[in-house]
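S.K.: Okay, handing you the structure first.
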Amino acid sequence: MAQQVQGVVAPGRNESVRVETIVVPDPGPGEAVVKIQACGVCHTDLHYKQGGINDDFPFLLGHEAAGVVESVGAGVTDVAPGDFVVLNWRAVCGTCRACLRGRPWYCFATHNAQQRMTLLDGTELSPALGIGAFAEKTLVAAGQCTKVDPAVAPEVAGLLGCGVMAGIGAAINTGNVGRGDTVAVIGCGGVGDAAVVGARLAGAARIIAVDIDDRKLAKAREMGATDTVNSRSTDAVEAIRELTGGFGADVVIEAVGRPETYRQAFYARDLAGTVVLVGVPTPEMKLELPLLDVFGRGGSLKSSWYGDCLPSRDFPMLIDLHQQGRIDLGAFVTETIGLGDVEKAFARMHEGDVLRSVVIL
């Protein structure tokens, strides 16, 4: 029988979000209903609210979440009721050309639940990234559920569902940061700080954090940055070169998603270095670079999709590292809030006051 729960809906472009009654259907074949325990407020949710992703309003927001599987549909064998899971938005298919070539983190046919959650009047909702977890319960494809150790606090585990995984993965998976490398991270919000953590985990010798906010730079240093650059008052490219013997960084991770900062990343890397774009641009943004510079500097220009992660491999590994005390996932949680506080959390995010606000249900 379908259930009625409370969830946070973005009704239209740039309209304030509101808590509404959501109808969650019973899981169909390959689907699962998950009782959400915690969900982080991610910048991507703000993009949805602003219409920066698409215009499929109304959206059921929230995607960076952890909870307990309540029920599953026919054919589901990987998870069962009672399992503690982190939700992911790239449920790999196992049969596309990327999966068959042994590269499932590039899966070209990731899937979501086939049924739609609705408002009470029957209006279909578009769940953010196919999840919609600012809700007491949500319906997802069972492949979007990754089992992890239930001993971990939900507000910590859920962060792996998006921002923290995106940043750590940008460093260790996409950027292939190695021991002794120099790394620059441009943009020190939650994703950028996670990239700092990933670079430190990979053994980088120097990690340069770049931002326009001294508060964020101080936090990045706490996370493991060896050097900081305030690009509001200092030329970021010249500062990074100066800190790397005049050469530039081996890997530059752009965690803002703007043409201006991407150009900084491009010119701040060493010859044959790597640029990783993990910041999410909006559809109207354009980038112009001299083609001769692209050719002449060599190296790699990469985009990092979800940190190029494989949830079944990476989520349990990072939870294990957290439990060993080798990374502190809890350091990303600035505050815990209720469902009714999401609009305020967006404002705090915009002002740069938080790494992560996490909704507790």
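S.K.: Which order do the peptides 168-176, 190-198 come out in when sorted by mean C-beta neighbours inside 10 angstrom, highest first?
M.R.: Taking the mean over residues of other Cβ atoms within 10 Å, the ranking is 190-198, 168-176.
S.K.: So for the chain, considering every pair of alpha-carbon atoms, how many percent are separated by more than 24 Å?
M.R.: Values: 35809 of 64980 pairs.
For the chain, the share of Cα pairs beyond 24 Å comes to 55 percent.
S.K.: Would you mind calculating the relative contact order of the stretch 1-69 from Cα pairs under 8 angstrom and at least 6 residues apart, reporting the percent as a whole number?
M.R.: 39 percent
S.K.: Which percent of the accessible heavy-atom area of the stretch 162-213 goes to carbon and sulfur, probe 1.4 angstrom? Don't jump to the answer; show the numbers that get you there.
M.R.: Numbers: 560 of 1210 Å².
About 46 percent, which is the carbon plus sulfur part of the accessible surface.
S.K.: Rounded, prolate or oblate, given the Cα gyration tensor of the stretch 266-361, with a/c below 1.5 counting as rounded?
M.R.: Oblate, since a/c reaches 1.5 and b/c is not below a/b.
S.K.: How would you classify the stretch 110-212 from its alpha-carbon gyration tensor, with a ≥ b ≥ c the square roots of the eigenvalues: rounded for a/c under 1.5, else prolate if a/b is greater than b/c, otherwise oblate?
M.R.: It comes out prolate by the Cα gyration axes.
S.K.: Relative contact order of the stretch 274-359: what whole-number percent is it, with Cα pairs under 8 angstrom and at least 6 residues apart? Before the final figure, lay out the partial values.
M.R.: Values: 51 pairs, mean separation 21.6, N = 86.
Answer for the stretch 274-359 is 25 percent.
S.K.: What length, rounded to one decimal in nm, is gained on full extension from D328 through to L289, with 0.36 nm per residue of separation minus their alpha-carbon distance?
M.R.: Gain on extension, D328 to L289, equals 10.2 nm.
S.K.: Accessible area per residue, 1.4 Å probe, Å², for the chain: what's the number?
M.R.: 42 Å²
S.K.: Could you work out the mean projected area of the convex hull around the alpha carbons of the stretch 157-280, in square nanometres to one decimal?
M.R.: 6.6 nm²
S.K.: Determine the distance separating the Cα centre of the stretch 7-27 from the Cα centre of the stretch 290-355; give it in Å without decimals.
M.R.: Result: 25 Å between the Cα centres.
S.K.: Taking the highest mean first, how do the peptides 340-353, 282-295 order by number of other beta carbon atoms within 10 angstrom per residue?
M.R.: The packing order, highest mean first, is 340-353, 282-295.
S.K.: Here's something else I'd like to know. Please compute P(r) over all alpha-carbon pairs of the stretch 35-137, binned at 5 Å starting from zero, and give each bin as a whole-number percent.
M.R.: 2, 12, 17, 21, 21, 16, 9, 2, 0
S.K.: When the C-alpha atoms of the stretch 80-170 are aligned to their principal axes, what extent does each axis show, in angstrom, from largest down?
M.R.: Extents along the principal axes, in whole Å: 45, 33, 27.
S.K.: Below 8 Å, C-alpha to C-alpha, sequence gap of six or more: please give me the relative contact order for the stretch 49-138 in percent.
M.R.: About 35 percent, as a whole number.
S.K.: Determine how many Å³ per residue the convex hull of the Cα atoms of the stretch 231-292 encloses.
M.R.: 91 Å³
S.K.: Next question. Only sites in a loop by DSSP and with at most 13 other Cβ atoms within 10 Å count here; which trypsin sites (Lys or Arg not before Pro) in the stretch 176-210 make the cut? Each step should come with its number before you reach the end.
M.R.: Details: sites: R179, R200, R206; in loops: R179.
Those that pass, being in a loop and sparsely packed, are R179.
S.K.: ³J(HN,Hα) across the stretch 258-264 via Karplus (A = 6.51, B = -1.76, C = 1.60, θ = phi - 60°), whole Hz, x for Gly/Pro?
M.R.: 10, x, 5, 6, 5, 4, 4
S.K.: Now for a different question. Which lysines, on any chain, are close to K147 with Cα under 16 Å apart, when same-chain ones fewer than 8 places away are left out?
M.R.: Within the straight-line cut-off, K147 pairs with K35.
S.K.: To continue, here is another question. Pick from A151, A218, A202 the residue whose mean-square fluctuation is largest in a GNM of the chain, springs joining Cα atoms under 10 Å.
M.R.: Result for the chain, Cα springs under 10 Å: A151 fluctuates most.
S.K.: Treating cross-link reach as a plain straight distance, find the lysines whose alpha-carbon is under 17 Å from the alpha-carbon of K286, omitting any fewer than eight places away in the same chain.
M.R.: Straight-distance partners of K286: K302.
S.K.: Carbon and sulfur atoms: what percent of the 1.4 Å accessible area of the stretch 47-91 do they account for? Intermediate results must be reported in sequence, preceding the final value.
M.R.: Numbers: 690 of 1490 Å².
Carbon and sulfur together cover 46 percent of it.
S.K.: Ok, one more. Using a 1.4 angstrom probe on heavy atoms only, work out the carbon and sulfur share of the accessible area of the stretch 253-314 in %. Kindly include the intermediate steps, with their values, before the conclusion.
M.R.: On the way: 1930 of 3190 Å².
Solvent-exposed carbon and sulfur of the stretch 253-314 make up 61 percent of the total.
S.K.: Separate question: Could you sort S231, S357 by accessible area so the largest value comes first, with the probe set to 1.4 Å?
M.R.: Most to least solvent-accessible, the answer reads S231, S357.
The values are calculated or read from the model by the stated rules, or taken from the named source; none is laboratory data. Owing to the predicted nature of the structure, the values given are computational and were not obtained by experimental measurement. Using ideal geometry, Cβ is built from the backbone for each residue, glycine included, and neighbour counts are taken over all protein chains shown. Surface areas here come from the heavy atoms of the whole protein model, side chains and all, with no ligands, DNA or RNA. Shrake-Rupley method; radii C 1.70, N 1.55, O 1.52, S 1.80 Å.
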